[in-house]
2 protein chains.
Amino acid sequence: MTPPPTPKKPERRTTPLSRERIVDAAIDLLDTAGESGLTFRALSERLATGPGAIYWHVANKSELLVAATNRVVSIALAAQKAGQPGAIHDVALGLYDAIEKHPWLAPQITAQLSHNPTGPVTILIFEDIGRQVSALDVPASSWFTATTALMHYILGAAGQNAANLARARSLGPDADRSAYMDTVAGAWKQLSPEDYPFTRAVAEQGLDHDDRTQFLAGIDLIITGVTAGPPTA
Amino acid sequence: MTPPPTPKKPERRTTPLSRERIVDAAIDLLDTAGESGLTFRALSERLATGPGAIYWHVANKSELLVAATNRVVSIALAAQKAGQPGAIHDVALGLYDAIEKHPWLAPQITAQLSHNPTGPVTILIFEDIGRQVSALDVPASSWFTATTALMHYILGAAGQNAANLARARSLGPDADRSAYMDTVAGAWKQLSPEDYPFTRAVAEQGLDHDDRTQFLAGIDLIITGVTAGPPTA
DNA sequence: ACATGATTGGAACGCTGTTCCACACTTGTT
DNA sequence: AACAAGTGTGGAACAGCGTTCCAATCATGT
């Protein structure tokens, strides 16, 4: 509605290269080209600049990865209501879906849990899961254990699922997760019955083909443990 | 007792550079110099050879990491007896100790769970944990969920603990885990009570200073969930 | 004594994250 | 209107990485 040709603000240039734009491009690159696809040269090209310019806005690659992770996690956890029944499912599925959409996320989060336990990503997730745990009817003494157990299960299982999906897709666009799980079960059935009786037995009974149901079963298992048996603190 | 100078077997040369020796050196390098310390050049130097020679015995770095992981995990899980009460604790602590001794192990295992779900490391761990689960008095339908939950918790929690330990050591040789946990709790107490009520509450009540007890509490929590509440399959 | 094939180790290639610096552009002051 | 200052840019250059290549060496069968 106001298109005079360069009036007062000549608009520095087309899209002036901000930290936000860099993080956006980084996330896009990670999603499309994978973890190893994020390089400063590829990023430069996509942003139509040189590698040096990026370093004006971002200290190094590590900080860039933290920022990208933080952004995605924040969005995933943004819309949560506390205290409601099934609220843990919402938080868990929020992370689950984010990790499925961004397969690089799970390794990144676990790496940041290790390298920076007081960092924003760590606290964001811990707080969000923990809030649902504290709404459960359990003594405060088991909060930490319960939250930790849930967090590790969510990140591990969701990461595993995302990896399975990515692998299934790489085997051909027609093959879905279901077909891929059959492949895995098939491989497991080849194992020696003497050395690997359990894995074979599980393979025989068939792997679950509904990933979300399987994931939530694990969540419920832990919740059951939390509410059923605090061993008298 | 038999020191004739080079009798029949002149002994090719001092230590002829086998795949086993390479893996040994790699593990040593990972333990002492960390994940980023394992390079083919450092490895060459330690083995008194060139980078090219290593490639005769090992296809690439990825395969070398798989072999190193496999070796350490195999040893950690070697002495396990099935079916005994508390056997899950033994398996869990076996992995826990191995990860504490080799801080690079947890990230490696989770990466291999993703990249190669039918690989030896994956199956080794899954089988060993699962065997203890199947000895529990639960229906076979919950075996997969229970084993998965335990596996992810063990790897996540043990990895976190190892990272904490490494971090504590890097802050000074006198500081132990206990002092480090106080540091973390201190940082958490600085958080805004409005945005992070749960994390603050947990920090106030103090973090557990006995890492193994804390770890086993999580294991027991999951086991309780497994035995108490299969929600009527 | 020779030929063969299994090993070795150093040089070289392409890639990475990162640093450096000469250049443009915007802005505030005269 | 002209200039100084400082913010932002982008391309060149560096060290180090995994990996490949190949001429030289060793152990061995003939």
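Structure values in brief
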| read-out | value |
| --- | --- |
| Search result, residues across the stretch A:192-207 that are part of a loop (DSSP other than H, G, I, E, B) and touching a residue at least 12 places away in the same chain (Cβ under 8 Å) | A:GLY206, A:LEU207 |
| Tabulated pairs, the stretch B:154-181, first at negative phi, second hydrophobic (A, V, I, L, M, F, W, C) and outside any helix (DSSP H, G or I), C-beta under 8 angstrom, 6+ apart or interchain | B:ALA168/B:ALA175; B:ARG169/B:ALA175; B:TYR180/B:LEU171; B:MET181/B:LEU207 |
| The stretch A:50-74, subset outside any helix (DSSP H, G or I) and out of contact with any helix residue (DSSP H, G or I) (no Cβ under 9 Å at 6 or more places or on another chain), residue nearest to DNA strand C (Cβ to nearest atom) | A:ASN60 |
| B:LEU113 being open to solvent by less than 60 Å² (accessible area, probe 1.4 Å) and within 14 Å of B:MET151 (Cβ to Cβ) | yes |
| Top-ranked residue of the stretch A:140-154 - restricted to ones that are at the interface with chain B (Cβ under 7 Å from one of its Cβ atoms) and open to solvent by 10 Å² or more (accessible area, probe 1.4 Å), ranked as farthest from B:ALA158 (Cα to Cα) | A:ALA140 |
| Condition check for B:ALA158: assigned to a helix (DSSP H, G or I), surrounded by 21 or more Cβ atoms within 10 Å (Cβ to Cβ) and more than 9 Å from every other protein chain (Cβ to nearest Cβ) | yes |
| Those residues of the stretch A:80-125 which are among the β-branched types (Val, Ile, Thr) and assigned to a loop (DSSP other than H, G, I, E, B), in sequence order | A:THR118 |
| Residue ID - surrounded by the most Cβ atoms within 10 Å (Cβ to Cβ), chosen from residues in the stretch B:192-207 that are over 11 Å from A:GLU127 (Cα atoms) and at the interface with another protein chain (Cβ under 9 Å from one of its Cβ atoms) | B:LEU207 |
| Identity of the residue in the stretch B:224-233, facing another protein chain (nearest Cβ under 7 Å) and buried (at least 16 other Cβ atoms within 10 Å of the Cβ), that ends up farthest from A:THR145 (Cα to Cα) | B:GLY229 |
| Selected residue (only one of B:ASP137, B:ASP182, B:ASP128 is among the acidic types (Asp, Glu), assigned to a loop (DSSP other than H, G, I, E, B), over 22 Å from A:ALA158 (Cβ atoms) and more than 7 Å from every other protein chain (Cβ to nearest Cβ)) | B:ASP137 |
| The stretch A:25-49 - residue that is small (Gly, Ala, Ser) and out of contact with any helix residue (DSSP H, G or I) (no Cβ under 9 Å at 6 or more places or on another chain) and, of those, farthest from DNA strand C (Cβ to nearest atom) | A:ALA48 |
| Options B:GLY52, B:GLY37; residue that is open to solvent by less than 30 Å² (accessible area, probe 1.4 Å) and of a type outside the set (A, V, I, L, M) | B:GLY37 |
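The values are calculated or read from the model by the stated rules, or taken from the named source; none is laboratory data. Since we're looking at a predicted model, the values are computed, not measured. Cβ coordinates were reconstructed from backbone atoms using ideal geometry, including for glycine residues, and neighbour counts include every protein chain displayed. Surface areas here come from the heavy atoms of the whole protein model, side chains and all, with no ligands, DNA or RNA. Shrake-Rupley method; radii C 1.70, N 1.55, O 1.52, S 1.80 Å.
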